[in-house]
1. Looking at region 302-312 only, could you name the residues that are open to solvent by less than 60 Å² (accessible area, probe 1.4 Å) and modelled with pLDDT under 95?
2. Is there any pair linking a residue in region 152-174 that is under 17 Å from ASP218 (Cβ atoms) to one that is among the aromatic types (Phe, Trp, Tyr) and away from the ligand (no atom under 15 Å from the Cβ), with Cβ under 6 Å and at least six apart or on different chains, and which?
3. Say whether the condition of being within 25 Å of ALA172 (Cα to Cα), of a type in the set (Val, Ile, Thr) and more than 10 Å from the ligand (Cβ to nearest atom) is met by at least one residue in region 55-75.
4. Would you check which residues across region 25-39 are more than 9 Å from the ligand (Cβ to nearest atom) and hydroxyl-bearing (Ser, Thr, Tyr) and list them?
5. Restricting to region 228-270, and then to whatever is open to solvent by 40 Å² or more (accessible area, probe 1.4 Å) and of a type in the set (Val, Ile, Thr), can you tell me which residue is nearest to THR155 (Cα to Cα)?
6. Does region 100-141 hold any residues that are under 20 Å from the mean Cα position of the chain (by Cα), free of Cβ contacts under 8 Å to residues at least 60 places away in the same chain and under 14 Å from ALA154 (Cα atoms), and which are they?
7. If ASP89 passes every condition in (1) open to solvent by less than 10 Å² (accessible area, probe 1.4 Å); (2) free of Cβ contacts under 8 Å to residues at least 12 places away in the same chain but one, which one does it miss?
8. Looking at THR118, THR155, THR130 in this structure, which one is hydroxyl-bearing (Ser, Thr, Tyr) and either within 12 Å of the ligand (Cβ to nearest atom) or at pLDDT below 95 (or both)?
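The values are calculated or read from the model by the stated rules, or taken from the named source; none is laboratory data. On a predicted model such as this, the values are computed, not experimentally measured, just so you know. Cβ placement follows ideal geometry from the backbone for every residue including glycine, while neighbour counts extend to all protein chains displayed. In case anyone asks, the SASA skips ligands and DNA or RNA and just uses the protein heavy atoms, side chains included. Shrake-Rupley method; radii C 1.70, N 1.55, O 1.52, S 1.80 Å.
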Amino acid sequence: MSGKYLVTGGAGYVGSVVAQHLIEAGHEVTVLDNLSTGFREGVPAGAAFVEGDIRDAAKWLDSSYDAVLHFAAFSQVGESVAKPEKYWDNNVGGTMALLAAMRDADVRKLVFSSTAATYGEPVNTPITETDPTAPTSPYGASKLAVDHMITGEATAHGLGAVSLRYFNVAGAYGSCGERHDPESHLIPLVLQVAQGRREAISVFGDDYPTPDGTCVRDYIHVADLADAHLLALDAATPGEHLICNLGNGNGFSVREVIEAVRQVTGHPVPEVVAGRRGGDPATLVASAATARERLGWNPTRADLAGIITDAWAFAQQRG
Ligand SMILES: NC(=O)c1ccc[n+]([C@@H]2O[C@H](COP(=O)([O-])OP(=O)(O)OC[C@H]3O[C@@H](n4cnc5c(N)ncnc54)[C@H](O)[C@@H]3O)[C@@H](O)[C@H]2O)c1
């Protein structure tokens with residue numbers, strides 16, 4: 001059955017890919033985005049677009065919507081350390097206003113972009129949703145605070161909500177891809193080196209307790225991630241806040257990613273070893289058993305070379 005959905009942050013990387021998937025599945029989509037980090041041209045054709053802020057969501061949300069998919073947030077870890085107030089204001093304050101607008105408009109379903117950063121330094125590998133949450137940045141703390149707010153909203157007001165805790169999102173889908181400014185994510189940064197737009201890639205620490213000494217992360221294709229959002233809309237149950245990790249359960253080191261970029265692009269990628277960054281855990285790998293069981297999610301694009309091939313095609317399109 002087709003639905004009508006508000007996609008906050010749908011001019012950004014993940015939100016635009018999910019909006020595109022919703023449209024392809026025959027749903028009606030309105031993107032609400034203030035273009036603070038997103039791009040008007042990133043909004044998929046076929047979506048209605050409102051340039052506005054989630055704090056003003058009440059202006060546009062009404063009872064004709066079946067659900068909100070909430071991507072709008074600031075997400076630069078380093079910036080959040082320097083300007084924590086910006087993160088509390090936008091990520092937490094913005095979501096409070098959005099939840100109030102949903103309550104007033106009687107929109108009873110929410111899918112929220114949470115993050116592996118809510119866990120902080122992991123106590124187990126792979127990480128499960130019942131592991132301790134001890135974020136090491138204001139960004140992670142702001143996302144965890146929103147998860148707590150949503151739990152309260154489900155308990156007190158019957159919201160049906162799913163928080164999806166993404167690990168490292170990568171890859172592209174058609175004309176929708178990753179373009180953060182400044183870019184802080186490893187794969188697009190390494191691709192910039194392959195394109196000659198950056199001299200070398202910095203490897204932050206090569207003395208971690210991992211097979212090659214560099215940090216290990218769980219990379220998930222953005223199209224697999226999008227599939228999980230559509231399944232989450234079906235799984236959302238009134239009064240329940242379901243939390244699911246989204247990852248492949250495989251870790252790749254920074255050096256493995258750099259080598260895969262060399263293989264895929266055929267370009268040299270010089271690297272420079274820099275010191276460790278504070279707050280970077282050695283290994284972050286997800287257990288996605290809950291997403292498999294509760295959402296019926298089955299990621300099919302786990303191959304690192306395939307993820308990088310799609311990201312490279314997008315980077316080449318952009319020039
Ligand atoms: N990309 C990742 O690897 C990753 C990992 C974990 C979690 N997440 C989460 O996924 C979501 C999307 O991330 P992304 O990588 O697509 O980021 P992005 O910066 O590309 O997209 C965020 C979008 O939200 C918009 N926005 C921000 N504040 C807004 C506001 N107050 N009102 C309206 N629009 C606003 C921005 O303009 C942008 O288009 C974020 O919530 C992020 O925390 C991303």
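1. Result: ALA302, single match.
2. If the second residue must be among the aromatic types (Phe, Trp, Tyr) and away from the ligand (no atom under 15 Å from the Cβ), no pairs are left.
3. Yes, region 55-75 contains a residue that is within 25 Å of ALA172 (Cα to Cα), of a type in the set (Val, Ile, Thr) and more than 10 Å from the ligand (Cβ to nearest atom).
4. THR30
5. Result: THR237.
6. PHE112
7. Result: ASP89 fails condition (1) only.
8. On the way: THR155 fails: either within 12 Å of the ligand (Cβ to nearest atom) or at pLDDT below 95 (or both); THR130 fails: either within 12 Å of the ligand (Cβ to nearest atom) or at pLDDT below 95 (or both).
So the residue among THR118, THR155, THR130 that is hydroxyl-bearing (Ser, Thr, Tyr) and either within 12 Å of the ligand (Cβ to nearest atom) or at pLDDT below 95 (or both) is THR118.
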